[in-house]
Each structure stands twice: as C-alpha cells, then as structure tokens.
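Single-structure report; data block below.
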Amino acid sequence: MDSAVIPAPVTGRTNLIGLSREEFAPLLRAAGVPEQHVKMRAQQIWHWIYFRGVRDFDAMSNISKELRTQFAEHFSLARPKITSEQISKDGTRKWLMRFADGKEAETVFIPEDERGTLCVSSQVGCTLNCKFCHTGTQMLVRNLTPGEIVAQMLVARDALDEWRSEDRHLTNVVMMGMGEPLYNFDNVKAALHIVMDNEGLSLSRRRITLSTAGVVPMMARAGAEIGTNLAVSLHAVRDEVRDEIVPLNRKYPIAELLAACRAYPGASNARRITFEYVMLKGVNDSLADARELVRIIAGIPAKINLIPFNPWPGAPFECSDWSQIEAFAEIVNRAGYASPVRTPRGRDIMAACGQLKSESLRARRGT
Ligand code: SAH
C-alpha cells in the first residue's frame with residue numbers, strides 16, 4: 001500500500017506547515033539566511049507557526065522586516081480553506097476543508113465538559129470499504145500530506161480562537177476522521193510529531209489516539225515510532241462476520257489483529273487499547289458475541305468502546321436496540337473491561353463516527 005510522502009502541491013512558494021525544523025534548514029539557506037543563523041531562524045519560525053499560530057510572516061516581530069519580506073517571497077503559511085462549517089445542536093462543529101489542489105476532507109470538533117476532541121482526517125476518501133461507514137462509499141482520492149494533517153488542528157485553533165488562551169478547549173486529537181491512518185503512515189507520523197512537539201502545539205501523546213481498522217504490519221511501527229494511544233476498529237468477533245463488514249479482515253484476520261494488539265508497545269493497564277465496536281442490529285450484537293468478545297481479548301489491557309451505529313443515506317444497517325446495547329455492555333463490563341457506550345455527537349450535521357464524506361473525486365488517470 002502506498003504510504004509514500006506526497007510532496008506539497010506546487011504553488012511556487014514552499015508551504016512551511018508540516019515540515020520539520022530540519023526540513024526548514026535548507027530552505028532557509030536557499031532564501032539567503034546565513035549559516036550561523038539557520039538554526040535560530042528555524043526555531044523562531046517554528047514558534048510563530050505552532051505556538052503563536054500566526055498566519056503570515058509580517059507578524060513575526062523578532063525577525064527583521066527585510067527578512068520577513070524575503071521569507072514571504074519564498075514561503076507560504078497558507079492553511080486549507082474552510083468551505084463549509086456546520087454546528088450541531090450539541091455543540092459539535094464540522095468543517096469541510098479544501099486543500100491547495102481543491103480536494104476536500106472533513107474535520108470535527110467535539111466539545112465535552114472536561115475536554116474537547118478534534119477528529120482529524122488522514123486521507124481524502126478511503127480504500128477500506130467498511131460496509132457500515134459512509135467514508136467507505138467514497139473512493140480513495142489521495143493521502144493527505146503532513147502539512148494538511150497538521151493544518152486541520154491549526155484551523156481548528158483559529159476557529160475556536162484559542163491561540164492566546166491558556167484555557168484551551170481543544171485538548172485531545174483522535175485520528176478517526178476520513179481515511180486509514182496506517183495506510184498513510186509516513187505522513188501521519190510526521191504530522192503527529194509536529195502536534196506533539198514541546199515547542200509548538202505540544203499535545204501529549206497520551207492525548208492523541210490513532211484508530212486503525214487493523215493494518216497489522218504497521219501496528220508495531222505505530223507504537224514504536226509514533227507512540228500514541230491505539231484504538232482498533234474490531235466490530236466483530238468472528239472472521240465470517242468481520243470479513244463482510246470490515247473487508248480488510250480478509251487480509252489480516254482477527255487472530256493476527258489481536259496478536260498485534262498483544263504486542264503493541266506500551267500497552268498496559270495505564271494505557272489500554274481501545275476496541276471500537278459498532279452496534280449493528282442483528283449483525284454483531286448478540287449476547288453470544290459479547291461473551292466471545294471477552295474471550296478473545298483476554299489478557300489484552302483493553303477498554304471497549306461501544307458505538308451506536310450512526311446512519312447515513314442508503315446505509316444497509318440499523319442501530320441495535322438500546323436495551324441490547326446495554327445488555328451487551330453489561331457482559332463486557334462484568335468481565336472487567338470498561339465498556340462505555342459512545343454518545344453519538346453531531347449526528348444532525350452528519351459529523352458522528354462513520355458519517356464523514358466529501359464530494360472529492362479522484363482525477364482520472366492521465367489528467
Ligand atoms: N480507518 C480508521 C479510522 C476511522 S475511525 C479505523 O477504521 O479505525 C472511525 C471509527 O468510526 C471507526 O471505528 C469506524 O469503524 C467507526 N464507524 C464507521 N462508520 C460508522 C457508523 N456508521 N457508525 C458508527 N461508527 C462508525
């Protein structure tokens with residue numbers, strides 16, 4: 001699967017968002033910064049972009065006017081454009097972001113009492129085709145670049161107006177938007193390292209969760225090289241069922257997936273793996289399924305996130321009855337696993353889990 005870093009679209013000026021400080025260095029040299037200043041200038045620019053959230057070089061007041069003009073000629077700090085914003089009656093906000101090449105992806109902010117979670121996309125569209133997921137009905141258009149992934153957080157901070165505030169609402173990031181993050185590993189890794197950087201956005205890895213449908217060969221690397229919390233979209237306990245609803249299972253069946261979870265670096269009681277389990281009426285929600293779930297995850301430090309199925313137009317499933325979800329949760333809970341039922345957020349604006357989709361199409365070959 002293609003996880004190569006896609007270069008930023010050509011705009012004439014190099015967009016600095018999404019590059020590491022080390023990647024700044026040759027660019028600064030080329031823009032005329034003397035060698036002995038390169039490191040310092042890289043630090044300064046980094047601070048302005050990721051700590052202060054500035055959107056143009058003119059605001060970088062510890063850099064001389066002359067140099068700022070030079071930077072503005074060579075570089076850009078352009079963010080994706082918000083082409084639509086919707087606000088749910090529960091406060092959830094969904095933004096459709098348009099990137100430099102016109103492709104679009106959605107980002108969702110979910111405010112809660114004690115925290116606020118930004119749900120970030122890693123691809124435009126998706127290859128996985130999970131049968132209950134709206135994004136799965138859209139073809140993969142392309143991977144997002146590190147800059148496009150990080151920029152979703154920058155734009156959210158802009159929209160929430162919280163660059164200056166100490167009292168921030170955006171406290172957590174989940175890689176649970178459109179796309180499969182482990183099929184865009186290099187770019188997601190680069191982006192999350194920027195999000196975690198202490199001199200910038202500075203979000204702790206404990207406040208970031210990467211969700212995968214189970215790209216088994218990439219899971220150990222995700223643990224070792226990114227090190228965030230892991231969520232796994234399990235959704236079924238038997239291969240016959242999972243093969244149907246999460247077709248990736250035909251490649252990486254349940255036993256292999258669970259073995260990768262057991263081996264996930266850093267999994268412990270303090271840092272449990274989250275298993276996501278969408279509740280589909282009559283498909284995966286029997287009490288026998290609940291008991292089987294408990295059996296197959298034995299020994300994995302885990303919590304089970306039960307997600308009531310979020311409907312979308314034409315979806316071939318119904319959400320399990322509430323009483324069934326509760327009975328399922330009860331069995332899992334009695335076996336010693338936390339089994340919170342995820343409250344659907346933003347359903348009225350199609351912002352809940354699995355409801356995201358954009359109109360972007362893949363360019364035809366050769367165009
Ligand atoms: N590709 C990654 C990231 C997407 S995360 C992954 O599969 O984990 C989005 C989560 O929402 C996944 O657990 C996904 O399976 C779940 N989901 C998808 N469609 C849904 C729907 N209609 N209702 C509830 N959850 C859904």
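Note on segment 290-309: among residues that are over 28 Å from the mean Cα position of the chain (by Cα) and of a type in the set (Lys, Arg), the one that is farthest from residue 258 (Cα to Cα) is 291. One residue is enough: does segment 249-266 have a residue meeting the conditions within 14 Å of the ligand (Cβ to nearest atom), in contact (Cβ under 8 Å) with a residue 60 or more places away in the chain, outside any loop (DSSP other than H, G, I, E, B) and surrounded by 14 or more Cβ atoms within 10 Å (Cβ to Cβ)? Taking every residue of segment 249-266 in turn, none turns out to be within 14 Å of the ligand (Cβ to nearest atom), in contact (Cβ under 8 Å) with a residue 60 or more places away in the chain, outside any loop (DSSP other than H, G, I, E, B) and surrounded by 14 or more Cβ atoms within 10 Å (Cβ to Cβ). All of 190, 224 fail the test of being out of contact with any Asp or Glu (no Cβ under 8 Å at 6 or more places or on another chain), modelled with pLDDT under 95 and over 17 Å from residue 303 (Cβ atoms), apart from 224. Tell me which residues, restricted to segment 125-142, are more than 13 Å from the ligand (Cβ to nearest atom) and crowded, with 19+ Cβ neighbours inside 10 Å. Selection gives 141, 142.
Yes or no, residue by residue, for (1) at pLDDT below 95; (2) under 27 Å from the mean Cα position of the chain (by Cα):
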residue	(1), (2)
259	no, yes
288	no, no
311	yes, yes
316	yes, yes
323	no, no
341	yes, yes
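Scanning segment 338-360 for residues that are more than 18 Å from residue 277 (Cβ to Cβ) and more than 11 Å from the ligand (Cβ to nearest atom) returns 346, 348, 349, 351, 358, 359, 360. Of all positions in segment 334-349, at least one carries a residue that is in contact with a Cys (Cβ under 8 Å, 6 or more places away or on another chain) and closer than 24 Å to residue 121 by Cα.
Answer yes or no: is there a residue in segment 271-286 that is away from the ligand (no atom under 16 Å from the Cβ) and at pLDDT 95 or above. The answer is yes, given that some residue of segment 271-286 is away from the ligand (no atom under 16 Å from the Cβ) and at pLDDT 95 or above. For segment 277-317, which positions are under 15 Å from residue 342 (Cβ atoms) and in contact with a His (Cβ under 7 Å, 6 or more places away or on another chain)? Scanning segment 277-317 gives 277, 278.
The residue pairs whose first member lies in segment 109-128 and is assigned by TED's automatic domain parsing to the domain that holds residue 245, whose second member is part of a strand (DSSP E or B) and aromatic (Phe, Trp, Tyr), and whose beta carbons are closer than 6 Å, counting only pairs six or more residues apart or on different chains, are 118/109. Taken together, the residues in segment 43-79 that are farther than 30 Å from residue 105 by Cβ and either of a type in the set (S, T, N, Q) or assigned by TED's automatic domain parsing to the domain that holds residue 191 (or both) amount to 7. Here is the figure for segment 296-325: residues that are away from the ligand (no atom under 14 Å from the Cβ), part of a loop (DSSP other than H, G, I, E, B) and not hydrophobic (A, V, I, L, M, F, W, C) total 3.
The residues of segment 186-245 that are of a type in the set (Gly, Ala, Ser) and either farther than 26 Å from residue 44 by Cβ or buried (at least 24 other Cβ atoms within 10 Å of the Cβ) (or both), listed by number, are 191, 211, 213, 214, 220, 222, 223, 224, 227, 231, 233, 236.
The values are calculated or read from the model by the stated rules, or taken from the named source; none is laboratory data. Just so it is clear, the structure is predicted and the values come from calculations on it, not from any experiment. Cβ sites come from the backbone with ideal geometry, for glycine too, and all protein chains shown count toward neighbours.
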